1. Does any residue in the stretch A:391-403 that is in contact (Cβ under 8 Å) with a residue 24 or more places away in the chain come within less than 7 Å, Cβ to Cβ, of a residue that is among the basic types (Lys, Arg) and not in a loop (DSSP other than H, G, I, E, B) six or more places away or on a different chain, and which pairs are these?
2. Only residues that are farther than 20 Å from residue A:409 by Cα and in a helix (DSSP H, G or I): list them for the stretch A:319-336, please.
3. Taking only the stretch A:97-146 into account, find how many residues are within 14 Å of chain B (Cβ to nearest Cβ), among the polar types (S, T, N, Q) and over 25 Å from residue A:211 (Cβ atoms).
4. Would you mind stating whether residue A:94 is more than 8 Å from chain B (Cβ to nearest Cβ), among the aromatic types (Phe, Trp, Tyr), crowded, with 24+ Cβ neighbours inside 10 Å and more than 23 Å from residue B:227 (Cα to Cα)?
5. Checking the condition surrounded by fewer than 22 Cβ atoms within 10 Å (Cβ to Cβ), touching a residue at least 60 places away in the same chain (Cβ under 8 Å) and part of a loop (DSSP other than H, G, I, E, B), which residue from A:115, A:136 passes?
6. Is it true that some residue in the stretch B:109-124 is closer than 30 Å to residue A:156 by Cβ, away from chain A (no Cβ under 12 Å) and within 14 Å of the chain's Cα centre (by Cα)?
7. Being assigned to a loop (DSSP other than H, G, I, E, B), hydroxyl-bearing (Ser, Thr, Tyr) and farther than 17 Å from residue B:172 by Cβ is the filter here, so list the residues in the stretch B:93-146 that pass it.
8. Tell me which of these residue B:274 doesn't satisfy, since it passes every other one: (1) more than 19 Å from the chain's Cα centre (by Cα); (2) within 30 Å of residue B:250 (Cα to Cα).
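The values are calculated or read from the model by the stated rules, or taken from the named source; none is laboratory data. Worth saying up front: this structure is predicted, and the values here are computed from it rather than measured. So basically every Cβ, Gly included, is an ideal-geometry build from the backbone, and we count neighbours across all protein chains shown.
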Amino acid sequence: MRLSIKHTLILAVSAVAFTACSEDDPLTPIGSMDDRYYAGGETTVFSNTTQGFAVPAPNLTGERLSKHLDGDLAFEQAFVSAPATVNSGLGPVYNNISCAACHPSDGRGMPPFDGQAMESMLLRISVPGSHPTIAGAPKDVPGFGGQLADKALFGVQPEAKPVLTWMHSSFTFPDGEVVSLRKPHIEITDSYSPWPSDAMVSPRVAPPVFGRGLLEAISETTLQELADPTDADGDGISGKINMVWDIASSSYLPGRFGWKAEQPTLLQQTATAYVQDMGVSNPVHPYDNAEGQPQEDNLSDDPEISMQIVEDAAFYVQTLSVPARRNVEDEDVERGSQLFSQIGCGACHVSSVVTGSLADVPEVSQQRIYPYTDMLLHDMGDELSDNRPSFDATGNEWRTPPLWGIGLTRLVNGHEYLLHDGRARDLQEAILWHGGEAEQSRDAYASLDKAEREKVLRFLRSL
Amino acid sequence: MKPFTHFLTKSLLIGAASATILVSCSDDDPVTPTESYDYTAILGNYSDVVVGTYSDLDQSAAALLTAVQAIQANAGSQSHVDAACEAWIAARSPWEKSEAFLFGPAETLSLDPSLDSWPVDRGQLDQVLASSEELTSDYVRNGLAPTLRGFHTVEYLLFREGQPRNAADFTAREMEYLIAATTVLTEDAETLHTEWSMTDGYAAEFASAGDGESRYLTQEDAMIEMVDGMIGIADEVANGKIADPYDENNTELVESQFSYNSLLDFADNVRSIQNAWNGTYGTLGNGTSLLTYVTEKDPTIAAAVTSLINDAILAVENIPAPFRNNLDKSAEIEAAQTAINTIFTTLEDDVKPLITE
């Protein structure tokens, strides 16, 4: 906990009851000025260092903290090929060898430079048609599954070598300023078996993992209140829940995690990442990612990790703190915040909600938080489309990503590559790629004068 | 690698958290702090210490490569194997002495996992060695996982049970792999050095904290980064590197177990804290440091930290060697853990508040 000067002073000068917030309507935005420092409610941490995304929620205690720390170790654990005495179970095909390798410092991955291998980005893949057992789910690419494994153990062939090339373009503001933009073009080469011509490919950069328990704790009722799938209010913004398959309950639940909200819970997200990203089978997904494919390992070591490990890693992600905002009282930041609202960004990047109850995780329950997301799918236009539907999400639709902590990205991760494929190299480029329902707001941003645009960016960097 | 365990931080967080909750809906405007202390000289000298450490790592890694190449050139010569093992230990030391500052390029460029992944993927290594794959540094870097390169892979190829391997045992394939992996290690060491020392590199970023351009908003943030780096490695040594094998009584979890270098690793980690505290690295650094600042603010705390660091090094050295064969020496092991954790709590409880208050 890095309790900054500001907050030490606040403690000295104020003794205001805090109960008011929990009585608020979950969707009533914006508390008082210093309320908004506390982006993660009681899980907020004051840290403006490279560790800003990696701090346990300060309201964890005793055994809860120990469990979080066990999860921290699980998150760092580098897997090796089976059989091995420690950390056995990598592959046979995989994308990376540990959780932390793609989520460095619990933060954001990045896309490769021209022609380099993907390290903290992966490709979701599917072919047109219906999933054989789960209605709405993407249909696996025969022989490749739902995710392309671009790495493999020695003696096993990677499923393919994706080659990414950046295509450059430019954007001209009404005031004449020109900004260069880039967009990835991906070729699938060297596939271990013929790559179907109708296969669809969706590039995904690893997102930050802090604050996720709070997002899991937002009630379904709140999501439904935020949703407007038919744009009944006629504001041009729809907002749709992605109903996705929940393995544990054998039912459809609101999707929350991943760039298209394809995972309903952090436990399922974590278990799926183990098997798909690392080839580590577990009780939720008891077979390797190459099971049934020509390159399966034929070992009888499944599941390769226990449910305890999966649960610890999921709990770790559920209970990482959210970094506090910085410079909230700065005049330019305040003005930027107003502009952000005026030009409509807040219609999807909803500033604040109050969480509901997350079973067994009281630390994230009933918290007033400032995530700047509605957790819903929105049409972001053809330019951002991956042309790959998944459950209720069309190719053009993406889940509004939370913006909290985004201003620390450059410090924590050494870059500010944003959006699902990391094409945006800074906050402004990310704004300029917004299309579809967000096009009006993008145009409104572009029409601001340069000083005002800078204030919007300053506001975003304060998050 | 850096499992971020922080056993004690967590409990410390709780008191602070319960305080912050009280004001989470307050209507009072936060008070803007004014920076009352100019940390420029401390941050600048700290950056020099980091660059000096990485410069040493860079040079000693290059010397290790030369020594490894000499084994190949003098096949069967035990003295060349012995010399390479000494060179490994010499290169290992500046790396361990850099672990109080694993932030920045070590993390963002994945150089820490590339240099120091554990465990070694011995299953794959055996298969690679048995194959006819051409063993170039490019292949080791780009064709294989990080668990097949770095200090511990090189260590595994050089040492057995704390001793240099018999020169007669090296196969031609092992020699090729050793050279390829050591080449990658030297490249990573050079990258770390360059990324910190170059114009507009991380040293400049760090030293210019608070100037409006640096990613560090304030000098105070950079000072906290420095202290957190020290706390982070104290936590990792006491509650990770020592605790994991000790708690589970599992020698497989001991780092640097092929060379039996573990205790020197741990002591060098504490020396890393010492260097950050004193603002020196060998003859480098002018000593304008966190120690200087704390001495000004509270000489009692300053003296306490200095002696705690010395005590912790002695406590680590008091564990019978090799560590992996002495996991039953509870008294010595726990004394070392306690000594290191006391550095941790003192930095967190007593030193940090001197910066943030």
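1. Close Cβ pairs satisfying both conditions: A:392/A:240.
2. A:331, A:332, A:334, A:335
3. So the answer is 1.
4. It is true that residue A:94 is more than 8 Å from chain B (Cβ to nearest Cβ), among the aromatic types (Phe, Trp, Tyr), crowded, with 24+ Cβ neighbours inside 10 Å and more than 23 Å from residue B:227 (Cα to Cα).
5. A:136
6. yes
7. Once the filter is applied, which keeps residues that are assigned to a loop (DSSP other than H, G, I, E, B), hydroxyl-bearing (Ser, Thr, Tyr) and farther than 17 Å from residue B:172 by Cβ, the stretch B:93-146 yields B:98, B:110, B:117.
8. (1)
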